Amino acid sequence: MEHKIDILLSTYNGELFLTQQIDSILSQTYKDWHLTIRDDGSIDGTLGLVKDYCKKYPDEITFSKDNLGRLGLERSFSQLLEKSSSNYVMFCDQDDVWLPEKVEKSIKKLLLIEKEFPGVPALIFTDLEVVDSSLNHISSSFWKYQCANPKRTKLNHLLVQNMASGNTMIMNRALGVLIGRIPAEAIGHDWWTALTAAAFGKIGYLPEATIKYRQHSGNTSGALGYSLNTLLKFWPPYSPKQVAYNLRKFRQAVKFLELFSDKLSLEQRTVLHRFIKIYSANPIEKICMSLTNGFLPSGVLRTLYYFVSFIFTKV
């Protein structure tokens, strides 16, 4: 059985940290992989750096060239995923550092899932070590740092909060084919991937950090410690930005139901319909429906913030 892995990396103005990321991939203990890089319109030295690596490591690294221009992170990863041909796929960010056994441990965990559930779409994700821009240690566990429970990977949980970080994911071909083209309504390629896996396959996790998750001013998303002070930074919860984010969850759920309606079970369609219906309910109904259906994020403080925010969100 072929265990070759396509590692997919979308770059954008990433020259500051990209060398360390690529070098960490080249240093993996597991060697049966190929790195494909698509640049999303960088205007710094990223493109030259990528081409230098492709020349130096032609068997390991390929530059995916197209004329599509700037697509944004989700669509750029979608392009890479659509062109992928290996039986296994990993997403890669441009600014992290992979620990030496990341690929080896991830594929071993995924193969165990496949052995137990042959032919089923499968996804594995892992914990992350949180570090600063200079790779200085902040937290040994992103999950503990964020008060995130990796067991919350059912469809109702993932409609509210994504637990699976894309930069730690590995999936099999069955899941990649099912995902197809990631729509514009998706809140990140990783969130959409996790939703698809929850609905149609199996999700597992590795309870250890496999990457150094770098925090810096250019993070598309980042890690903030779970505390009252952190939540107060986002106050008020009914700000236009927060309401807009809540509406993105609504649009993502609507699109997921639209695209996969014929494949979803009756129970799954019911879950999605109920989640969508909450957005037009009154405040008391929103709280009751969320509690009844488990549409809740992890952590008491986060849940309270979520309720206050959600009450002011309406379609």
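The values are calculated or read from the model by the stated rules, or taken from the named source; none is laboratory data. No experiment lies behind these values; they were computed from the predicted model shown. Heads up, the Cβs are rebuilt from the backbone with ideal geometry, glycines too, and the neighbour counts pull from every protein chain shown.
At-a-glance table
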| quantity | calculated |
| --- | --- |
| Selection status of residue 267, over 23 Å from residue 182 (Cα atoms) and either touching an Asp or Glu at 6+ places or on another chain (Cβ under 8 Å) or at pLDDT 95 or above (or both) | yes |
| Tally, over the range 177-195, of residues that are over 14 Å from residue 163 (Cβ atoms) and either without any contact (Cβ under 8 Å) to a residue 12 or more places away in the chain or not acidic (Asp, Glu) (or both) | 10 |
| Index of the failed condition, residue 55 passing every other in (1) without any contact (Cβ under 8 Å) to a residue 12 or more places away in the chain; (2) under 24 Å from residue 12 (Cα atoms); (3) not in a helix (DSSP H, G or I) | (3) |
| Residue in the range 64-80 that is in the same structural domain as residue 179 (by TED's automatic domain parsing) and under 23 Å from residue 109 (Cβ atoms) present | yes |
| Among the residues listed as 136, 149, the single one being surrounded by fewer than 20 Cβ atoms within 10 Å (Cβ to Cβ), within 17 Å of the chain's Cα centre (by Cα) and not charged (D, E, K, R) | 149 |
| Some residue of the range 37-47 being charged (D, E, K, R), within 22 Å of the chain's Cα centre (by Cα), in the same structural domain as residue 184 (by TED's automatic domain parsing) and assigned to a helix (DSSP H, G or I) | no |
| Residue ID - farthest from residue 99 (Cα to Cα), chosen from residues in the range 27-44 that are surrounded by 14 or more Cβ atoms within 10 Å (Cβ to Cβ) and small (Gly, Ala, Ser) | 41 |
| Candidate set: the range 10-26, residues that are of a type in the set (A, V, I, L, M) and assigned to a helix (DSSP H, G or I); chosen: the one surrounded by the fewest Cβ atoms within 10 Å (Cβ to Cβ) | 26 |
| Matching residues, the range 192-224, being modelled with pLDDT under 95 and of a type in the set (Val, Ile, Thr) | 220 |
| First in the range 279-293 and assigned by TED's automatic domain parsing to the domain that holds residue 252, second anywhere and at pLDDT 95 or above and among the charged types (D, E, K, R), Cβ under 7 Å, 6 or more apart | 289/274; 293/274 |
| Check on residue 105, surrounded by fewer than 21 Cβ atoms within 10 Å (Cβ to Cβ), assigned to a helix (DSSP H, G or I) and either free of Cβ contacts under 8 Å to residues at least 24 places away in the same chain or among the hydroxyl-bearing types (Ser, Thr, Tyr) (or both) | no |
| Positions within the range 58-80 being charged (D, E, K, R) and either assigned to a loop (DSSP other than H, G, I, E, B) or within 17 Å of residue 19 (Cα to Cα) (or both), in sequence order | 59, 60, 65, 66, 70 |
| Qualifying positions in the range 65-78 - without any contact (Cβ under 8 Å) to a residue 60 or more places away in the chain and under 21 Å from the mean Cα position of the chain (by Cα) | 70, 71, 72 |
| Complete set of residues in the range 27-36 that are in a loop (DSSP other than H, G, I, E, B) and within 22 Å of the chain's Cα centre (by Cα) | 28 |
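One line per residue, one yes/no per condition, for (1) free of Cβ contacts under 8 Å to residues at least 40 places away in the same chain; (2) touching a Pro at 6+ places or on another chain (Cβ under 7 Å); (3) among the β-branched types (Val, Ile, Thr); (4) assigned to a loop (DSSP other than H, G, I, E, B):
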{"residue": "82", "(1), (2), (3), (4)": "no, no, no, no"}
{"residue": "91", "(1), (2), (3), (4)": "no, no, no, no"}
{"residue": "120", "(1), (2), (3), (4)": "no, no, yes, yes"}
{"residue": "123", "(1), (2), (3), (4)": "no, no, no, no"}
{"residue": "127", "(1), (2), (3), (4)": "no, yes, no, no"}
{"residue": "130", "(1), (2), (3), (4)": "no, no, yes, no"}
{"residue": "157", "(1), (2), (3), (4)": "no, no, no, no"}
{"residue": "160", "(1), (2), (3), (4)": "no, yes, yes, yes"}
{"residue": "167", "(1), (2), (3), (4)": "no, no, no, no"}
